[in-house]
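Here's the structure, in structure tokens; my notes come after.
The values are calculated or read from the model by the stated rules, or taken from the named source; none is laboratory data. Everything numeric here is computed off the predicted structure, so don't read it as measured data. A quick note on method: Cβ atoms are made from the backbone with ideal geometry, for glycine too, and the neighbour counts reach across all protein chains shown. In case anyone asks, the SASA skips ligands and DNA or RNA and just uses the protein heavy atoms, side chains included. Shrake-Rupley method; radii C 1.70, N 1.55, O 1.52, S 1.80 Å.
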Amino acid sequence: MTRQANGGEIDAVRALGPQEFEQIRQLAYRTFGLDLKTGKEELVSARLRKLVRGGGFHSFQDYYKSIVADRTGVSLLAMIDALATNHTSFLREPDHFQFLRDQVVPGLGTRDPIEVWSAACSTGEEVWTLAMVLNEALPNRRVRIAASDISNKALGFAQRAVYPTERCHGLSAAWLARYFAAEGRPPVGYQATAALRAQVTFRRVNLVESYSWPHPFPIIFCRNVMIYFDRQTQERVIAGLCQHLEPGGYLFVGHAESLTRVSHSLEYVRPAVYRKPGKKEARWNK
Ligand SMILES: C[S@@+](CC[C@H](N)C(=O)[O-])C[C@H]1O[C@@H](n2cnc3c(N)ncnc32)[C@H](O)[C@@H]1O
């Protein structure tokens, strides 16, 4: 901010121009698949302005040039953190968890541990929900969740696993008592217990790049991220997810992410749930 003679303040950053928007749009698309359509100029400007100003740049053009010139990739990561939408909540789209418990878990056979991948886990609410649902459904099995996201900031939050009380409203008193420790008196937040946290490993995965896992998963949750991708990118991401899914394995996507226009090799099970065809390992019950 620059102080004016009358004591008011003006923003020293020049407004985002069409060419600057186009440069940032292309960079975001290339690096993490984000499809910023025309009309998102204000959103881009609002989400990046703090970084532009904080870096001492006077224009989005200078800011853009600095990202491209930064060989460490740090400024690109900061841009991705700022542009990505991290909205999530405990038990989001609850029928997925009901279906998981009632229909998927009984088919998992005797496998132990049960391993699930939460791709694009954001700040972790989906991860802890999965862990709690599976612990409740399979009290005598080991539950392992692989949690990933492109955003280091979101991953850091998820790993600390401390949630202000207003973000815990979806959780029952029984789950709060069993799986969380209150912070403050009266509680201002809750942290997932060390036992719950020990069931989860976090890593950064960019779904539009290639990545590997040591073995395929019987269950993958990849919800509410493909909504930000165009059809071509969605197809690439689904193909990648399929490679990491066991035959017979389930893919859960967000309810807003219908795959009807996307070509893929999965069987439709019910809204926002798909299954990989092919010969299942003997350990699947059904
Ligand atoms: C809206 S949140 C979804 C969180 C959770 N899955 C849910 O449904 O509540 C979308 C997440 O996708 C992540 N994301 C965006 N682009 C990505 C990419 N190319 N690879 C991996 N994660 C990405 C964002 O950082 C963000 O945390």
Note to self: C-alpha centroids of the range 172-209 and the range 51-86 sit apart, in Å, by 31 Å
antiparallel share of DSSP beta bridges within the chain, to nearest 5, in %, is 45 percent
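Suppose all protein chains stay in the model; what accessible area per residue would a 1.4 Å probe give for the chain, in Å²?
For the chain, the per-residue accessible area is 50 Å².
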For the range 175-286, shape from the Cα gyration tensor axes a ≥ b ≥ c, cut at a/c of 1.5 then a/b versus b/c, turns out prolate
Which residues qualify? For Gly249, with a placed amide H closer than 5 Å and at least 5 residues away or on another chain, they are Lys276
Using alpha-carbon positions, the gyration tensor of the chain gives root eigenvalues a ≥ b ≥ c; with a/c under 1.5 called rounded, otherwise prolate if a/b exceeds b/c, else oblate, the class is oblate
Answer in debye to the nearest 20: the dipole magnitude of the range 2-83 about its Cα centre, from +1 Lys/Arg and -1 Asp/Glu charges placed on Cβ, is 80 debye
The distance between the Cα centres of the range 253-274 and the range 90-158, in whole Å, is 19 Å
Mean separation of Cα contacts under 8 Å (at least 6 apart) over the residue count of the range 166-286, i.e. the relative contact order in percent, is 19 percent
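Taking R0 as 25 Å, what's the FRET efficiency between Ser59 and Gln232 from their Cβ-Cβ distance, rounded to 0.05? All intermediate terms of the calculation are to be shown ahead of the outcome.
Numbers: r = 31 Å, r/R0 = 1.24.
That pair, Ser59 with Gln232, gives E of 0.20.
Report the local net charge at Phe90: Lys and Arg +1, Asp and Glu -1, summed over other residues whose C-beta lies under 10 Å from its C-beta. Please report the intermediate quantities before stating the final value.
Details: positive: Arg92, Arg167; negative: Glu125, Glu126.
Neighbourhood net charge equals 0.
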Cross-link reach from Lys65 to lysines, straight Cα distance under 24 Å and at least 8 residues apart if same chain, gives Lys37, Lys40, Lys50, Lys153
Over the chain, the sum of -39500 (n - 2.57) across DSSP H runs of at least four, divided by residue number and rounded to 500 deg cm²/dmol, gives at 222 nm -10500 deg cm²/dmol
